[in-house]
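Accompanying notes for the structure given below.
The values are calculated or read from the model by the stated rules, or taken from the named source; none is laboratory data. Keep in mind that what you see is a predicted model, and the values were worked out from it rather than measured. We place every Cβ from the backbone using ideal geometry, glycine too, and count neighbours over all the protein chains shown.
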Amino acid sequence: MLVLRSIFFALLLPGSATVLIPYFILSRRGVPHWDAIGLPGLVAVALGATILIRCIVDFARVGRGTLAPVDPPRALVIRGLYRYVRNPMYVGVVLVLLGEAALFRSTDLLLYSAVFFLVVNLFVILYEEPALRARFGEPYEQYRRSVGRWIPRRNAMKRAGLIALLLILDAPLPAQMPRTLSANDQRARDIFEQLININTTGSSGSTTVAANAMAKRLTDAGFPAADVQVIGPAASKNYNLVARFRSTGMQKPILLLAHIDVVEAKKEDWSVDPFTFLEREGFFYGRGTMDVKDGAAILVATLARLKQEGYRPNRDLILALTTGEEGGSDYNGVQWLLANHRDLIDAAFVINMDAGDPVILNGKRLMRSVQASEKVYVTFKLEVHNPGGHSSLPTNDNAIYRLAAALGRLSAYEFPAQLNEITRASFARWGQLQQGQLATDMAAVAGPTPDTAAIRRLSAASPLYNAQLRTTCVATELAGGHAENALPQSASATVNCRMLPGTPSDEVQSTLSRVVNDTTVTVSVVTAAVPSPPSPLKPEIMDPVERVTKRLWNIPVVPVMETGATDGLYLRNAGIPVYGVSGVFVDINDIRAHGRDERIGVQDYYDGAEYIYQLVKAVTSR
Ligand SMILES: [Zn+2]
């Protein structure tokens with residue numbers, strides 16, 4: 001039936017417009033005759049007719065309707081040619097008419113084409129568009145905003161020639177063709193683009209600008225202005241955004257966290273402009289695309305989406321977009337909020353976008369990490385003082401030699417291996433992804449009585465495994481002496497340690513003194529530790545993570561202890577558990593965070609937005 005209806009209306013409407021009416025116009029001046037078979041005219045007619053047929057087919061196949069206003073499609077047709085312009089069918093008719101005018105060298109037909117186009121324009125603007133808006137609502141609005149009425153937007157234009165060819169050959173459109181994004185993807189992309197284009201570096205940027213822009217996104221989506229705050233210490237140009245999605249539930253809120261400051265980026269170091277959002281060959285480029293404006297944009301998009309869907313969480317959701325994580329800002333936003341507005345961000349636990357990335361290895365989506373713990377950062381200074389003297393009269397007691405000997409002993413020392421709930425779980429899951437000896441050793445260290453030989457092999461196999469197993473301390477800076485012809489009066493070295501959570505830093509300090517084994521070498525603290533207890537792998541977070549991961553990606557969930565540190569440590573130290581659960585896959589062999597040409601995969605971004613949306617729903621609807 002639909003086929004017959006489609007053919008009937010095709011003959012009736014475009015048929016009249018392109019055959020019947022032109023025939024009457026031409027025959028008014030006698031019998032129409034082919035004046036000359038102009039190739040351009042023929043091509044225009046053929047192209048126009050092909051476009052028409054393609055549209056009618058899409059209307060029937062996708063929209064389950066016909067081109068007639070009395071029998072319209074039941075679904076919004078945004079596929080095929082409708083991805084490039086909103087009215088390809090009329091474009092087809094006008095092309096046919098212009099071709100006919102050329103073929104018959106008829107100025108009357110040319111005039112008729114112009115009148116037809118004007119009338120159609122009025123019809124489209126006055127009737128069709130309001131009707132579609134009323135019929136399809138927001139999805140149509142999104143479509144109208146992203147696709148032109150008559151003229152394809154820039155990206156589509158470039159491929160116009162190719163499209164014409166494909167149409168004639170009726171070939172399927174290749175996958176890399178610009179696709180029409182879903183309304184949710186489009187919103188997530190728009191927010192991301194806006195955020196990347198705002199410079200938030202410590203030197204020349206401002207997180208206040210970014211926080212205000214994101215605040216507007218939320219109030220536009222329906223958040224009451226009173227629940228969206230842009231705050232920070234007076235006189236700072238780097239404010240934070242804190243917003244609350246209210247519920248009627250009594251459980252403690254969940255805090256969603258991302259920082260919006262970024263590491264410096266010099267234009268001359270990059271092959272593209274770091275502060276201009278760019279989509280190229282399947283990647284989004286720009287400073288912060290990976291660290292971690294992707295996460296910030298996804299959180300804003302998620303809350304806007306949930307709000308517009310009328311979602312009711314069973315507990316409050318708090319969004320905090322903070323400054324100062326990268327150290328370039330005048331203060332740290334998370335620390336400041338904890339000290340000054342703890343009530344605003346106090347939560348049962350935190351989902352942090354800045355850690356726990358799902359991992360791609362060799363082009364394959366390998367695993368979903370959850371950062372539940374991080375090592376604790378502490379820095380010491382080893383120092384030797386000496387009376388010194390003339391370098392022509394050396395003595396046995398030399399500050400540089402003493403320090404060098406002390407560092408030699410330190411380099412040979414290894415802190416004892418120690419596993420905790422999280423590293424045991426990581427090795428157990430990693431082991432399942434490995435083969436051979438590595439798999440056996442990982443399973444062995446994950447067991448209740450870790451095998452010392454396995455520990456030794458794993459430590460030797462990779463600095464990453466070694467750092468998971470023990471506290472590490474390493475010399476990072478060296479200084480000494482004051483003149484080339486003088487005995488050194490002092491020598492010092494910086495030793496940076498990453499302690500397993502729960503290790504007291506004075507214990508590490510006394511271990512260093514013992515290993516150095518020289519009372520003239522003093523060991524003092526340069527940067528004190530901020531304790532960061534591991535966050536327990538509780539079902540209220542791990543179950544939803546497992547569920548959503550299985551549903552969307554079907555890959556293993558691996559709890560991890562990060563060897564670096566994030567803002568999460570301040571929250572952990574304040575007694576709020578933090579789980580790093582980013583949604584965006586990163587290729588572990590192509591990590592460009594803090595580096596040049598920072599980027600993430602386009603599809604990875606959209607998938608990440610969907611993941612976080614589903615995760616946020618899962619943790620607030622149990
Ligand atoms: Zn970061």
* Structure fact -> Reported set for region 273-302 where residues are surrounded by 15 or more Cβ atoms within 10 Å (Cβ to Cβ), farther than 17 Å from ALA213 by Cα and either more than 14 Å from the ligand (Cβ to nearest atom) or basic (Lys, Arg) (or both) is PRO274, LEU278, GLU279, PHE283, PHE284, TYR285, GLY286, ARG287
* Structure fact -> Restricting attention to region 303-322, the residues that are within 16 Å of the ligand (Cβ to nearest atom) and of a type in the set (Ser, Thr, Tyr) number exactly 1
* Pull up region 324-357, narrow it to residues that are more than 12 Å from the ligand (Cβ to nearest atom) and of a type in the set (S, T, N, Q), then point me to the one that is surrounded by the fewest Cβ atoms within 10 Å (Cβ to Cβ). => ASN340
* **Criterion violated by GLU374 - all others in (1) among the charged types (D, E, K, R); (2) more than 39 Å from the chain's Cα centre (by Cα); (3) within 16 Å of the ligand (Cβ to nearest atom) satisfied** => (2)
* To do: Would you be able to say whether some residue in region 256-268 is touching a helix residue (DSSP H, G or I) at 6+ places or on another chain (Cβ under 7 Å) and more than 16 Å from the ligand (Cβ to nearest atom)?
  => no
* Quick one: count up the residues across region 545-566 that are under 17 Å from SER621 (Cα atoms) and crowded, with 21+ Cβ neighbours inside 10 Å. => 3
* Among the residues of region 314-327, is any within 15 Å of the chain's Cα centre (by Cα) and under 26 Å from ASP607 (Cα atoms)? -> yes
* To do: Those residues that are at pLDDT 95 or above, under 18 Å from PHE349 (Cβ atoms), within 15 Å of the ligand (Cβ to nearest atom) and of a type in the set (A, V, I, L, M, F, W, C), I need them from region 563-594; list them, please.
  => LEU571, VAL578, VAL581
* How about region 377-400: which of its residues are surrounded by 16 or more Cβ atoms within 10 Å (Cβ to Cβ) and more than 16 Å from the ligand (Cβ to nearest atom)? -> VAL378, THR379, PHE380, LYS381, LEU382, GLU383, VAL384, ASN386, GLY388, ASN398, ALA399, ILE400
* Answer with yes or no whether VAL560 is within 16 Å of the ligand (Cβ to nearest atom) and of a type outside the set (S, T, N, Q). => yes
* **Answer from ASN589, ASN554 - the residue that is touching a residue at least 40 places away in the same chain (Cβ under 8 Å), part of a loop (DSSP other than H, G, I, E, B) and over 21 Å from VAL376 (Cβ atoms)** => ASN589
* Structure fact -> Scanning region 99-122 residue by residue, those at pLDDT 85 or above and either touching a Ser or Thr at 6+ places or on another chain (Cβ under 8 Å) or among the aromatic types (Phe, Trp, Tyr) (or both) turn out to be TYR112, PHE116, PHE117
* To do: Scan region 570-585 for residues that are within 22 Å of THR471 (Cα to Cα) and either surrounded by 24 or more Cβ atoms within 10 Å (Cβ to Cβ) or aromatic (Phe, Trp, Tyr) (or both) and jot them down.
  => TYR570, LEU571, ARG572, VAL578, TYR579, GLY580
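Matching residues to (1) of a type outside the set (Asp, Glu); (2) out of contact with any strand residue (DSSP E or B) (no Cβ under 7 Å at 6 or more places or on another chain); (3) farther than 30 Å from GLN371 by Cα:
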site	(1), (2), (3)
GLN468	yes, no, no
GLU477	no, no, no
GLY480	yes, no, yes
ALA483	yes, yes, yes
THR494	yes, no, no
LEU500	yes, yes, no
PRO504	yes, yes, no
GLU507	no, yes, no
SER510	yes, yes, no
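Results for (1) touching a strand residue (DSSP E or B) at 6+ places or on another chain (Cβ under 8 Å); (2) modelled with pLDDT under 95; (3) closer than 25 Å to VAL560 by Cα, shown as yes or no for each residue.
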residue	(1), (2), (3)
TRP270	no, no, no
PHE284	yes, no, no
VAL300	yes, no, no
LEU337	yes, no, no
ASN352	yes, no, yes
* Asked: Within region 262-307, which residues are of a type in the set (Asp, Glu), within 13 Å of the chain's Cα centre (by Cα) and assigned to a loop (DSSP other than H, G, I, E, B)?
  -> ASP291
* Asked: With respect to ALA221, is the statement that it is surrounded by 13 or more Cβ atoms within 10 Å (Cβ to Cβ) and among the small types (Gly, Ala, Ser) true?
  -> yes
